[in-house]
Amino acid sequence: MQNSSFIQAVVRLTNQFRAQNGLSVLSVDIDLTEAAQSYSTTMARGDFFSHIGPDGSLPWDRAEAAGYDTGIVGENIGVGFSTPDEIVDAWIDSDRHRAAMLNPRYNEIGVGYYFLPNDTGSVNYNTYWTQLFGQGDIEVVAADGSVAVFDPVQYGASYSDLIAAYGYDPIAFEQHYIIFGRAEGRISDRFDEGRYLASYDDLIEAFGYDLTTATAHYIQSGHQEGRSDDGFEPLQYLASYGDLLTAFGANAESATQHYIQLGYREGRSDALFDAGRYLASNADLINAFGYDTEGASGHYILLGISENRSTTSFDPAAYLGLHADLQSAFGSDLTAATRHYVQLGFLEGRATGP
């Protein structure tokens with residue numbers, strides 16, 4: 001019979017042993033688990049103990065048959081040990097088995113256990129253990145809902161608490177995600193490295209369009225410097241130039257790449273289209289978006305242009321001139337005046353002009 005708690009314990013003990021030796025923990029893979037469990041059952045019921053199956057199969061053959069397709073697979077097997085601690089200790093005490101457990105190429109694991117109470121064949125051990133290792137991509141759900149390959153550095157850059165705890169340590173980031181982050185529902189790619197680059201001219205000069213280096217810079221320096229990945233508005237950049245709208249539509253990623261690779265040196269700006277003023281000029285958009293300038297820019301690109309919406313009917317200077325308290329608060333800051341109207345003045349029924 002199977003025992004899920006035993007299987008979980010072997011995974012936990014194996015990962016503890018790897019962590020003690022400075023290696024990343026292993027993620028449980030469904031296909032490897034299926035292959036390992038099937039083989040433990042086959043050994044118990046088939047009355048044999050060998051890495052070679054009765055059909056001549058080898059570990060990677062069995063993993064592939066279960067759906068695991070990376071081709072990089074290793075296996076430990078054991079019989080006669082009663083508990084997870086006993087079997088893991090036995091593997092650790094064996095040079096060959098320990099080497100498999102500490103192979104840095106592996107990042108996934110599957111464990112199988114089968115107990116045969118009436119083991120009356122020629123191979124009588126009662127307990128049969130299989131441990132399969134593989135090297136595969138850790139798949140995660142990205143921020144947009146798609147399935148993506150896990151990037152530990154991107155994950156680390158996405159959370160200030162991880163940067164504070166680990167600095168620049170991709171192994172620690174991966175361990176955290178596997179042990180904690182996935183269960184906590186953390187999104188692994190909240191940090192927008194392209195937008196981070198586009199937000200700072202000195203980074204464009206230093207790194208070009210090297211997103212990997214940009215992410216590392218944020219973790220190692222930018223976070224402590226108070227830098228962020230929201231200074232550049234890609235949709236506002238698109239809305240500022242007709243040729244970019246024709247070329248990219250509402251593709252924010254392409255817009256960001258264009259700015260870094262071309263637009264920055266061409267002297268282009270993401271501030272020609274005033275998304276805040278566009279919002280303030282259309283009451284229904286204030287109700288729909290609040291002061292979401294990115295959402296407003298997207299609306300303008302997808303709908304506002306074709307609807308011939310006004311982008312300048314709201315005059316922030318006139319709005320300031322009508323309200324002495326706002327002049328005291330904002331001086332001549334037109335952006336602050338526009339934001340005030342969208343967030344407060346519109347609901348307060350404040351006048352915007354004659």
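The values are calculated or read from the model by the stated rules, or taken from the named source; none is laboratory data. Quick caveat: nothing in here was measured; it's all calculated off a predicted structure. Reconstructed Cβ throughout: ideal geometry from the backbone, glycine too, with neighbour counts over all protein chains shown. These area figures cover heavy atoms from the full protein model, side chains too; ligands, DNA and RNA do not enter into them. Shrake-Rupley method; radii C 1.70, N 1.55, O 1.52, S 1.80 Å.
Scan the chain and report its longest stretch carrying no trypsin sites (Lys or Arg not before Pro) that are both in a DSSP loop and have at most 13 other Cβ atoms within 10 Å. Spell out each step's value before the answer.
On the way: sites that count: ARG105, ARG265.
With trypsin sites (Lys or Arg not before Pro) excluded where exposed in loops, the chain gives 106-264 as its longest stretch.
The residue among ILE179, PHE248, SER5 whose Cα reaches farthest toward the positive pole of the charge dipole of the chain, with charges on the beta-carbon of Lys, Arg, Asp and Glu, is SER5. With N the number of residues in region 21-131, Rg(Cα) / (2.2 N^0.38 Å) evaluates to 1.04. On the beta carbon distance between ALA100 and GLU348, with R0 = 56 Å, the FRET formula returns roughly 0.20.
Considering only the other residues whose Cβ falls under 11 Å of the Cβ of ALA36, what net charge follows from Lys and Arg at +1 and Asp and Glu at -1? Write out the running numbers ahead of the final one.
Values: positive: ARG62; negative: ASP29, ASP31, GLU34, GLU75.
Charge balance in the 11 Å sphere: -3.
Placing unit charges on the Cβ atoms only, positive for Lys and Arg and negative for Asp and Glu, gives region 15-153 a dipole magnitude near 340 debye about its Cα centre.
Relative to the longest principal axis of the Cα atoms of the chain, helix 4-20 runs at roughly 70 degrees.
Under a point-charge model restricted to the Cβ atoms of Lys and Arg (+1) and Asp and Glu (-1), what is the dipole moment magnitude of the chain relative to its Cα centre, in debye to the nearest 20? Walk me through the intermediate numbers first.
Numbers: 18 positive and 48 negative charges, 66 e Å.
With only Lys, Arg, Asp and Glu charged at Cβ, the dipole is about 320 debye.
As a fraction of the 1.4 Å probe accessible area of the chain, surface on carbon and sulfur atoms comes out at 49 percent. Can you list the residues of region 47-76 with backbone N under 18 Å from a point 7 Å past the Cα of SER122, pointing along Cα to Cβ? Zone members listed by number: 47-56.
At 0.36 nm per residue, and after removing the present C-alpha to C-alpha distance, how many nm does the segment from LEU303 to SER146 gain when stretched out fully? Intermediate results must be reported in sequence, preceding the final value.
Working: separation 157, 0.36 × 157 = 56.52 nm, distance 2.57 nm.
Difference between extended and current length: 54.0 nm.
With 0.36 nm allotted per residue and the present C-alpha distance subtracted, the ASP292-ASP61 stretch has 77.8 nm of extension available.
Each residue, SER328 and PHE115, gets one label point 7 Å from its Cα in the Cβ direction; the gap between the two is 7.9 nm. In the chain, the longest principal axis of the Cα atoms and the axis of helix 30-46 are about 10 degrees apart.
Residue by residue, region 228-238 carries 3J(HN,Hα) couplings of 9, 9, 10, x, 9, 10, x, 6, 5, 4, 4 Hz when phi is fed to the Karplus relation 6.51 cos²θ - 1.76 cosθ + 1.60 (θ = phi - 60°); x denotes Gly or Pro. With R₀ fixed at 41 Å, the C-beta to C-beta distance from SER228 to ILE92 puts the FRET efficiency at about 0.35.
Fully extending the segment from SER221 to ASP85, taken as 0.36 nm per residue of separation minus the present Cα-Cα distance, adds 44.7 nm.
Give the value in nm², to one decimal: projected area of the alpha carbon convex hull of the chain, averaged over all directions. Kindly include the intermediate steps, with their values, before the conclusion.
On the way: hull surface 97.4 nm².
For the Cα atoms of the chain, the hull's average projected area reads 24.3 nm².
Cα centroids of region 11-66 and region 69-100: 9 Å apart. The magnitude of the dipole of region 262-354, with charges of +1 and -1 set on the Cβ of Lys/Arg and Asp/Glu and taken from the Cα centre, is near 120 debye.
What the Cα atoms of region 273-318 give is an Rg and a Dmax of 9.5, 29 Å. Using the Cβ-Cβ distance between ILE187 and PHE48 with R0 = 45 Å, the FRET efficiency computed as 1/(1 + (r/R0)^6) comes to roughly 0.45. Among GLU139, GLU233, GLU266, the largest mean-square fluctuation in a Gaussian network model of the chain (Cα springs under 10 Å) belongs to GLU266.
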